[in-house]
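> First the structure, then my questions, so here it is.
The values are calculated or read from the model by the stated rules, or taken from the named source; none is laboratory data. This one's a predicted model, so the numbers in the text were calculated from it and none came from an experiment. Note that we place each Cβ from the backbone using ideal geometry, even for glycine, and neighbour counts take in every protein chain shown. Quick note on the areas: whole protein, heavy atoms, side chains included, nothing else; ligands and nucleic acids left out. Shrake-Rupley method; radii C 1.70, N 1.55, O 1.52, S 1.80 Å.
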Amino acid sequence: MRARANAGANIAFIKYWGVRDPEFNIPLNDSVSMTLDAARTTTEVEFSPRLDADELTINGQPAFSAARARVSRHLDLLRERAGVPWRARVDSWNTFPMGAGLASSAAAFAALTAAAAVALGLRLSERELSRLARRGSGSAARSIYGGYVWWHAGHDDASSFAEPLAPPDHWDLRDIVAVVAEEEKAVSSAEGHRLAHTSPFLEARLAQVERLLPRVRRAIQQRDLTLLGPCLEADALAMHFVMMSSTPPLFYWAPETVALIKAVHAWRDGGLPVYFTIDAGPNVHLICEAADAERVIARVRALDYVRSVIVSGSGEGVVLE
Ligand code: PMV
């Protein structure tokens, strides 16, 4: 009862921030993302009657108990469904540097869900995998699919799942991550999603999301970066305003984050079509077309405060190995 799966992280153009139901990770709004080809996780799961407890390694190292408990809770959902009580050994490897501040939970829970389902002999549709992956980490619902992906918020466990909008080769975009800090985040996204309700700007952001979503859909369909870019910047900023105005406030930016935002504005004014988005951390994701990637990478590398650069294209969804 062993299986192995590989999945990519994803970068959201319209973000998921705020939960309606924390037990099922039912979000407050639809979100849209691109699955990444360079930031990926491979996970092998083996269920065995000889194990007394679930075991977890990440990049060859035994994981901390909090991570093990989270994986165990997720495996319980799959065990319950299969009617199999056995514990599992889980080995997981990331292709991107750990501690680079990249959200790895989407790739991790997409790969874990797919591998565990196959190991348990469950024959699940991609939609069922997306719904289950969502329980581990909301954004993992999107990483089941490759390319450009839409997560329907829905209103309950049955209606909240992701769907593909376009395959990876539909549009050759790049996500160039300028890593400025490598610390672990002080507040988990699970906690942040619960705090969103305390922000007086939550309603304003959700109203803006409703206006941006159809534009983002059209921009992806028409491969129009001048339409997509302003939408992804507007939503990243609105999400961070909600974070900053929550009680207690969540402030993920570093001084370098602001410096990069200003650099992107200056490069664009100079004719280079590149836009930024920012997840729950200080690192800045620069989104551009493949044809402009080398110029953007050269400019980012020239900034002395950027510690490293990770370049991803649009990648496949979950793949069984
Ligand atoms: O899936 P979570 O709970 O780690 O939340 C992801 C939150 C953001 O990365 C900030 C936004 C998103 O939609 O990916």
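> Only residues that are without any contact (Cβ under 8 Å) to a residue 40 or more places away in the chain and among the hydroxyl-bearing types (S, T, Y): list them for the range 162-193, please. Full working, then the answer.
First pass over the range 162-193, keeping only residues without any contact (Cβ under 8 Å) to a residue 40 or more places away in the chain: 162-163, 167, 186, 188, 191.
Matches in the range 162-193: S188 only.
> Taking the condition of being open to solvent by less than 10 Å² (accessible area, probe 1.4 Å) and either more than 8 Å from the ligand (Cβ to nearest atom) or of a type in the set (D, E, K, R) (or both), how many residues in the range 20-35 meet it?
So the first thing to find is which residues in the range 20-35 are open to solvent by less than 10 Å² (accessible area, probe 1.4 Å), and the list is 26-27, 29, 31-35.
If we keep only those that are either more than 8 Å from the ligand (Cβ to nearest atom) or of a type in the set (D, E, K, R) (or both) too, we end up with 26-27, 29, 32, 34-35.
Adding up the residues that qualify gives 6.
> Here's a follow-up. Could you check F64 against (1) aromatic (F, W, Y); (2) under 17 Å from the mean Cα position of the chain (by Cα); (3) open to solvent by 40 Å² or more (accessible area, probe 1.4 Å) and say which number it fails?
Here F64 meets the rest and fails (2).
> How many residues are closer than 24 Å to A290 by Cα and not in a helix (DSSP H, G or I) if we restrict to the range 196-242?
3
> Continuing with the same structure: Does R223 count as closer than 28 Å to R301 by Cα and charged (D, E, K, R)?
Details: closer than 28 Å to R301 by Cα: yes; charged (D, E, K, R): yes.
Taking the combined requirement at face value, the residue satisfies it.
> Could you look through the range 110-137, keep only residues that are touching a residue at least 40 places away in the same chain (Cβ under 8 Å) and in contact with a strand residue (DSSP E or B) (Cβ under 6 Å, 6 or more places away or on another chain), and pick out the one that is surrounded by the most Cβ atoms within 10 Å (Cβ to Cβ)?
A110
> Looking only at the range 249-269, filter to residues that are among the small types (G, A, S) and out of contact with any helix residue (DSSP H, G or I) (no Cβ under 9 Å at 6 or more places or on another chain); which one of those is surrounded by the fewest Cβ atoms within 10 Å (Cβ to Cβ)? Steps first, please.
Filtering the range 249-269 down to residues among the small types (G, A, S) leaves 254, 259, 263, 266.
Narrowing the set further to residues that are out of contact with any helix residue (DSSP H, G or I) (no Cβ under 9 Å at 6 or more places or on another chain) leaves 254, 259, 266.
Numbers: A254: 18, A259: 16, A266: 11.
The qualifying residue surrounded by the fewest Cβ atoms within 10 Å (Cβ to Cβ) is A266.
> Determine whether D52 is more than 13 Å from the chain's Cα centre (by Cα) and either open to solvent by less than 20 Å² (accessible area, probe 1.4 Å) or more than 10 Å from the ligand (Cβ to nearest atom) (or both). Let's see the steps before the verdict.
Values: more than 13 Å from the chain's Cα centre (by Cα): yes; either open to solvent by less than 20 Å² (accessible area, probe 1.4 Å) or more than 10 Å from the ligand (Cβ to nearest atom) (or both): yes.
So D52 fits the description; yes.
> Sticking with this structure for a sec: Restricting to the range 298-321, name every residue that is assigned to a helix (DSSP H, G or I) and either open to solvent by less than 20 Å² (accessible area, probe 1.4 Å) or closer than 26 Å to A166 by Cα (or both). Quick ask: steps written out before the conclusion?
Narrowing the range 298-321 to residues assigned to a helix (DSSP H, G or I): 298-301.
Residue satisfying the conditions is V300 alone.
> Just to be sure I understand, how many residues within the range 226-248 are out of contact with any Phe, Trp or Tyr (no Cβ under 6 Å at 6 or more places or on another chain) and either under 16 Å from K15 (Cα atoms) or open to solvent by less than 10 Å² (accessible area, probe 1.4 Å) (or both)?
Here is the first cut: in the range 226-248, the ones out of contact with any Phe, Trp or Tyr (no Cβ under 6 Å at 6 or more places or on another chain) are 226-228, 230-231, 234-238, 240, 243, 246-248.
If we keep only those that are either under 16 Å from K15 (Cα atoms) or open to solvent by less than 10 Å² (accessible area, probe 1.4 Å) (or both) too, we end up with 228, 230-231, 234-238, 240, 243, 246.
The qualifying residues number 11.
> Can you find a residue that is free of Cβ contacts under 8 Å to residues at least 12 places away in the same chain and either surrounded by fewer than 22 Cβ atoms within 10 Å (Cβ to Cβ) or basic (K, R) (or both) anywhere in the range 270-281? Give the steps one after another, and end with the answer.
As a first pass, look at the range 270-281 and keep what is free of Cβ contacts under 8 Å to residues at least 12 places away in the same chain: 270-271.
Next cut, either surrounded by fewer than 22 Cβ atoms within 10 Å (Cβ to Cβ) or basic (K, R) (or both) only: 270-271.
Yes.
> Same structure, new question: Against the definition (more than 30 Å from L129 (Cβ to Cβ) and touching a residue at least 12 places away in the same chain (Cβ under 8 Å)), how does P255 come out, yes or no?
Details: more than 30 Å from L129 (Cβ to Cβ): yes; touching a residue at least 12 places away in the same chain (Cβ under 8 Å): no.
Spelling it out, it is not the case that P255 is more than 30 Å from L129 (Cβ to Cβ) and touching a residue at least 12 places away in the same chain (Cβ under 8 Å).
> Show me the strands (runs of 3 or more DSSP E) found entirely inside the range 1-93 where at least 2 residues are within 28 Å of L195 (Cα to Cα) and β-branched (V, I, T). Talk me through it step by step, then tell me what you get.
Numbers: elements: 2-14, 19-21, 31-48, 55-58.
Hits in the range 1-93: 2-14, 31-48.
> Additional query: So V177 ticks every box in (1) among the hydrophobic types (A, V, I, L, M, F, W, C); (2) surrounded by 15 or more Cβ atoms within 10 Å (Cβ to Cβ); (3) touching a helix residue (DSSP H, G or I) at 6+ places or on another chain (Cβ under 8 Å) but one. Which box is left unticked?
(3)
> Moving on to the next point. Is there a residue being closer than 20 Å to T35 by Cβ, of a type in the set (D, E, K, R) and touching a Cys at 6+ places or on another chain (Cβ under 8 Å) anywhere in the range 157-177? Please lay out each step first, then the result.
Step one: list which residues in the range 157-177 are closer than 20 Å to T35 by Cβ, which gives 160-177.
Next, from what is left, pick out any that are of a type in the set (D, E, K, R): 163, 169, 172, 174-175.
Pick out the ones that are also touching a Cys at 6+ places or on another chain (Cβ under 8 Å) and you get 174.
Checked against the condition, which is being closer than 20 Å to T35 by Cβ, of a type in the set (D, E, K, R) and touching a Cys at 6+ places or on another chain (Cβ under 8 Å), the range 157-177 yields at least one hit.
> Then there is this: Restricting to the range 143-161, count the residues that are touching a residue at least 40 places away in the same chain (Cβ under 8 Å) and open to solvent by 10 Å² or more (accessible area, probe 1.4 Å). Walk me through how you get there before you give the answer.
Initial filter on the range 143-161 (touching a residue at least 40 places away in the same chain (Cβ under 8 Å)): 143-157, 160.
Adding the requirement that they be open to solvent by 10 Å² or more (accessible area, probe 1.4 Å) leaves 145-146, 150, 152, 154-157.
Total satisfying the criteria: 8.
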